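Here is the structure we will look at, set down as structure tokens.
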Amino acid sequence: MQILDALAQGILLGGLYTLFAVGLSIMFGVMRIVNLAHGDFAILAAFLAILLVGETSFPVWLVVAITVPAFAAIGYFLQRTLFQQSLNSGPLSTLLVTFGMSIVIQNALLEAFSANPQRLDVGQLATASFPVGPIAIPYIGVLGLMLAILCIVAIELFLRRTATGRMTRAVSDDPDTARLTGANSRHIYGLATGIAFGAVAIAGLLLAARSSVEPTAGSMRLIFAFEAVVIGGLGSLWGTLVGGLSLGVVQTLVAHFDPSSSILAGHLLFLLVLAFRPQGLIPARSL
Amino acid sequence: MNTPNSLLIRRSRRSSNLSFVALGLVAVGLVMMPYVVYQSVTSSMVMLFVLVIIASMWNLLAGFGGLVSIGQQAYIGIGAYTVIVMADLGVHPLIGVFFGALTSAMLALPTSWLAFRLRGDYFAVGTWVIAEVYRLVMIKFQFVGGADGKSLVGLSGLDPVMRSALTYWFALGIAILTVLGCFWLLRSRIGLALTAIRDDEVSARAGGIDATRIKRIVYLVSAAGCGLAGGILVVDALRVQPDAIFSVSWSAYMIFIVIIGGIGYLEGPLIGALVFFAMQQFLAEMGTWYLMLLGVLAICAAAWFPKGLWGAFSQKTGFRLFPVGYHVAQRFDTPVDSRAPLFRN
Amino acid sequence: MTTLLSVQEINVHHGQLHAVRDFSLDVNDGEKTAVIGANGAGKSTLMRAIAGTHRPTSGRIFLRGEDITDLHAGRRVEAGIALVPEGRRLFRSLSLEENLLTGTYRKRRGTWSLEAIFELFPWMKERRAKPVARLSGGEQQAVAIGRALLSNPDVLLIDELSLGLAPSIVARIYGMIPRVVETGCSVLFVEQNVAQALSVADRALCLLEGRTVLTGVASELERSEVEDAYFGVAHGRGGRKERNSDADS
């Protein structure tokens, strides 16, 4: 029975991982870049929300409604300026730029908020659960999984049903030719990064609502997100969901027997997939 | 018509020959240091040598091999732990350092089988995960102290001043060896192949170069170098702590040094390490602000000055300390009219 | 006839290569102009410079008198220029229909709609959902042309339509060019096959090492004359046509 409980918790945790991974997947799919500060931006969003809740009398929903679009806008702006500049500077540049950014964000957060873990206060939602048979399902976990699925559905609809989404896929295939059919690839890149940043902000807020976060938590979030993407298969959003869920389940199940090995087990799953199924569990089309 | 015979191709210029003499003098000066300055100076310079080693290795990997890794701390850690374990078995730590390089290279081989399945940016994060795996596995072993780490035996009997000087010379020697090793490697056939791959991997493969094999060799060499650095660190500190030795900060340092100094130039890591070392000496007490400054500098350099300090300097002056490329030493000009028609009638 | 597209004295560099030198050209309304030249003559670079994916180092490009030199490729599509790139370059993860629809991104008004393209190439309709990788080379070329037409261009640029295609298929695809011109669109196309080019075009010009070495009305140009220009054989034969003096150097 406890195993069943661990399984359920693992799936819900996997939902959160997916939410982190979706942005990484999008940015790699469209621009072929990995944002090494991806996790740190999530933590930054979380701390901004914590600050807003603490300093103003805004309700949490309003804080979320401010933070998430703000991060999408930051993403668009960063892509149009710094990331685009580094894309022009050569293939290694974006990695190095985002790595530098990760260091800056972590240390800025340490400076501003100290190393103490903090939590986003969402009241009852953080602890409430409902029973399904013998196991208790936390609302916040279900919210995370639903948001992850919702994000993927929304992005898929955007990519497949809108003209801009179609052009995003075209840019991902061949940016040069996409320009010839009218695309402004920089704008499209900006949109993709905006989506990724919006998604990762949601993930950061949810993380901080479930458990307390410290300023340096971003690196581990990036690694989990990355593992989810690779396990699921590069370039497929539904694959990313499968990857996120697998990672969550493996970590939680192993933690049930030996808590100190849980993260290592997740890494090993990643290495196993890399060794025996490098195309990922759900082989991709491109985007 | 221009024929290859009308060009005289050389590798080194007179300035390079002079610079070798100058470098030799610098090396002699560095060797004399323990007799001249306080022990605190030489012991902080051990760190400089470690930085030179790991940055040169990262430069070899990323700047020449195109493999951006943020997981080289794995091999620093493995090198360090090898020294600890060998010392327990009775091997002298300074000998153990070389075993550290060997273990690192040996573990790098199976690691490369996995990591090389990831391309480009994903390779970077993949190596980071693998470094984490090494750390997490290492803290499972109680005989090396688990998460607490372990002290080094075998050097504690030595007089502290003598030990410090010995460590200094040892680190200096390895640093010189590493830099010369890179120089030699890049002038060898492997260096030629690397240049070809860097310019155009597809053509290089078509030209019969086994690009994956070449990259794997570079990866192994780089792992061995980082293993040496890890060994020096443990000989210097006399203990190892897993979270510190496997810290991703090492990668941050390597990247910063190489980017600031100039990626893809052998001189880059030397310049970058000096800059970084100086900043560390003067600014480290600023703590997080110092690290933020490093981050901002790295961002600016990577986005706007991808060639770094040495790249900018050598582009202006044409000066190279380590001539690994070729240049035209003399040209016997035959006027060639490129617009001359192929056929005349 | 009024001048639609006017290229004035452009120079284009491809890395260190000076690919197009002091090139000028006027394309009039409803005109079919062929650019002929051997491999490496600078034809593709020229097309890309007009379409806006390759910036000229000097010179200006005008469309209906408006200077478009500083517009990026996407804006030039909006202004009325569309290029069918060399080698088709379809988007491999998009279906046939989606590939066509990328042409409508800038929403220019005009005669070309998805239905009009399906009328021009009836086979496309029932295979609209197919991935483009399953199409033959000729079919892919048709999709690439359809994609460009859907942006309702004033000037359609076509780069090496015949590349890798069987002659009968090439002839069939060229066969639809008069239909395109009927809608009021001018066509500027690159072709290596001299006979093919002269049979379709109103006017032709020959590029050699980035320079125009011969221009003239297609029906008045003789094939041997064009071939000489093609290979850079510049001397002999009467100079009835306008001829660039650079050709003799």
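The values are calculated or read from the model by the stated rules, or taken from the named source; none is laboratory data. Quick caveat: nothing in here was measured; it's all calculated off a predicted structure. Methodologically, a virtual Cβ is constructed for each residue, glycine included, from the backbone with ideal geometry; neighbour enumeration extends over all protein chains shown.
Quick look at the numbers
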{"read-out": "Breaking point among (1) farther than 24 Å from C:ALA197 by Cβ; (2) in contact (Cβ under 8 Å) with a residue 24 or more places away in the chain, for C:ILE36", "value": "(1)"}
{"read-out": "Residue among C:THR111, C:THR53, C:THR69 that is more than 24 Å from A:SER172 (Cβ to Cβ) and in contact with a strand residue (DSSP E or B) (Cβ under 9 Å, 6 or more places away or on another chain)", "value": "C:THR69"}
{"read-out": "The stretch A:88-115 - residue that is within 10 Å of B:ALA303 (Cα to Cα) and surrounded by fewer than 21 Cβ atoms within 10 Å (Cβ to Cβ) and, of those, farthest from the other protein chains (Cβ to nearest Cβ)", "value": "A:ASN88"}
{"read-out": "Residues satisfying the stated conditions in the stretch B:287-345, i.e. of a type in the set (D, E, K, R) and modelled with pLDDT under 80", "value": "B:ARG320, B:ARG331, B:ASP333, B:ASP337, B:ARG339, B:ARG344"}
{"read-out": "A:LEU143 being closer than 20 Å to A:VAL68 by Cβ, part of a helix (DSSP H, G or I) and away from every other protein chain (no Cβ under 14 Å)", "value": "yes"}
{"read-out": "Number of the exception - B:GLY268 against (1) within 14 Å of another protein chain (Cβ to nearest Cβ); (2) at pLDDT 95 or above", "value": "(2)"}
{"read-out": "Count of the stretch A:176-194 residues which are surrounded by fewer than 17 Cβ atoms within 10 Å (Cβ to Cβ) and under 20 Å from C:ASP159 (Cα atoms)", "value": "1"}
{"read-out": "Residue satisfying all of: in the stretch C:30-64; of a type in the set (Lys, Arg) and within 14 Å of chain A (Cβ to nearest Cβ); farthest from C:GLN192 (Cα to Cα) among these", "value": "C:ARG55"}
{"read-out": "Residues located in the stretch B:225-267, provided they are touching a Ser or Thr at 6+ places or on another chain (Cβ under 7 Å) and surrounded by fewer than 24 Cβ atoms within 10 Å (Cβ to Cβ)", "value": "B:ASP236, B:LEU238, B:ARG239, B:VAL248"}
{"read-out": "Residue among B:LEU109, B:LEU118, B:LEU114 that is outside any helix (DSSP H, G or I) and within 30 Å of A:LEU247 (Cα to Cα)", "value": "B:LEU118"}
{"read-out": "Residue that is farthest from A:MET31 (Cα to Cα), among those in the stretch A:228-287 that are charged (D, E, K, R) and within 14 Å of chain B (Cβ to nearest Cβ)", "value": "A:ASP258"}
{"read-out": "Only one of B:GLY66, B:GLY29, B:GLY90, B:GLY24 that is surrounded by fewer than 24 Cβ atoms within 10 Å (Cβ to Cβ), at pLDDT below 95, over 13 Å from the mean Cα position of the chain (by Cα) and within 14 Å of chain A (Cβ to nearest Cβ)", "value": "B:GLY66"}
{"read-out": "Cβ pairs under 7 Å, 6+ apart, first in the stretch C:118-131 and without any contact (Cβ under 8 Å) to a residue 12 or more places away in the chain and at negative phi, second in a helix (DSSP H, G or I) and of a type outside the set (Phe, Trp, Tyr)", "value": "C:PHE118/C:MET124; C:PHE118/C:LYS125"}
{"read-out": "Scan of the stretch A:42-77 for residues that are under 17 Å from the mean Cα position of the chain (by Cα) and either within 14 Å of chain B (Cβ to nearest Cβ) or loosely packed, with under 15 Cβ neighbours inside 10 Å (or both), ordered by number", "value": "A:LEU44, A:PRO69, A:ALA73"}
{"read-out": "Residues located in the stretch B:187-216, provided they are β-branched (Val, Ile, Thr) and under 17 Å from B:ARG119 (Cα atoms)", "value": "B:ILE197, B:VAL202, B:THR212, B:ILE214"}
{"read-out": "Within the stretch B:149-186, tally of residues that are among the charged types (D, E, K, R) and surrounded by 13 or more Cβ atoms within 10 Å (Cβ to Cβ)", "value": "2"}
{"read-out": "Within the stretch A:193-276, helices (runs of 4 or more DSSP H) holding 2 or more residues that are without any contact (Cβ under 8 Å) to a residue 40 or more places away in the chain and more than 17 Å from A:VAL22 (Cα to Cα)", "value": "A:237-257, A:262-276"}
{"read-out": "When residues of the stretch B:234-263 are limited to those that are closer than 16 Å to B:PHE49 by Cα and of a type in the set (Phe, Trp, Tyr), the one farthest from the other protein chains (Cβ to nearest Cβ)", "value": "B:TRP250"}
{"read-out": "Among (1) among the aliphatic types (A, V, I, L, M); (2) more than 14 Å from every other protein chain (Cβ to nearest Cβ); (3) part of a strand (DSSP E or B), the one test that C:ALA142 misses", "value": "(3)"}
{"read-out": "Total residues in the stretch A:243-282, condition modelled with pLDDT of 95 or more and closer than 22 Å to A:LEU157 by Cα", "value": "3"}
{"read-out": "A:ASP121 within 14 Å of chain C (Cβ to nearest Cβ), modelled with pLDDT under 95 and surrounded by 14 or more Cβ atoms within 10 Å (Cβ to Cβ)", "value": "no"}
{"read-out": "Helices (runs of 4 or more DSSP H) fully within the stretch B:201-314 counting 1 or more residues that are of a type in the set (Gly, Ala, Ser) and over 17 Å from the mean Cα position of the chain (by Cα)", "value": "B:201-206, B:211-237, B:242-245, B:267-283, B:288-304"}
{"read-out": "Residue satisfying all of: in the stretch C:90-137; among the hydroxyl-bearing types (Ser, Thr, Tyr) and within 13 Å of chain A (Cβ to nearest Cβ); nearest to C:ASP159 (Cα to Cα) among these", "value": "C:THR102"}
{"read-out": "Close pairs from the stretch B:114-137: first more than 7 Å from chain A (Cβ to nearest Cβ), partner outside any helix (DSSP H, G or I) and among the basic types (Lys, Arg), Cβ under 6 Å, at least 6 apart", "value": "none"}
{"read-out": "Every residue from the stretch C:65-89 that is assigned to a loop (DSSP other than H, G, I, E, B), out of contact with any Asp or Glu (no Cβ under 8 Å at 6 or more places or on another chain) and facing chain A (nearest Cβ under 8 Å)", "value": "C:HIS72"}
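Quick grid of which residues meet (1) modelled with pLDDT under 95; (2) β-branched (Val, Ile, Thr); (3) buried (at least 21 other Cβ atoms within 10 Å of the Cβ); (4) within 27 Å of A:ALA126 (Cα to Cα):
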{"residue": "A:VAL153", "(1), (2), (3), (4)": "no, yes, no, yes"}
{"residue": "A:THR168", "(1), (2), (3), (4)": "no, yes, yes, no"}
{"residue": "A:GLY198", "(1), (2), (3), (4)": "no, no, yes, yes"}
{"residue": "A:PHE224", "(1), (2), (3), (4)": "no, no, yes, yes"}
{"residue": "A:GLY233", "(1), (2), (3), (4)": "yes, no, yes, no"}
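Every residue, every condition in (1) closer than 19 Å to B:VAL221 by Cα; (2) crowded, with 21+ Cβ neighbours inside 10 Å, yes or no:
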{"site": "B:TYR75", "(1), (2)": "yes, yes"}
{"site": "B:MET86", "(1), (2)": "no, yes"}
{"site": "B:PHE98", "(1), (2)": "yes, no"}
{"site": "B:PRO110", "(1), (2)": "yes, no"}
{"site": "B:THR127", "(1), (2)": "yes, yes"}
{"site": "B:ALA131", "(1), (2)": "yes, yes"}
{"site": "B:MET138", "(1), (2)": "no, yes"}
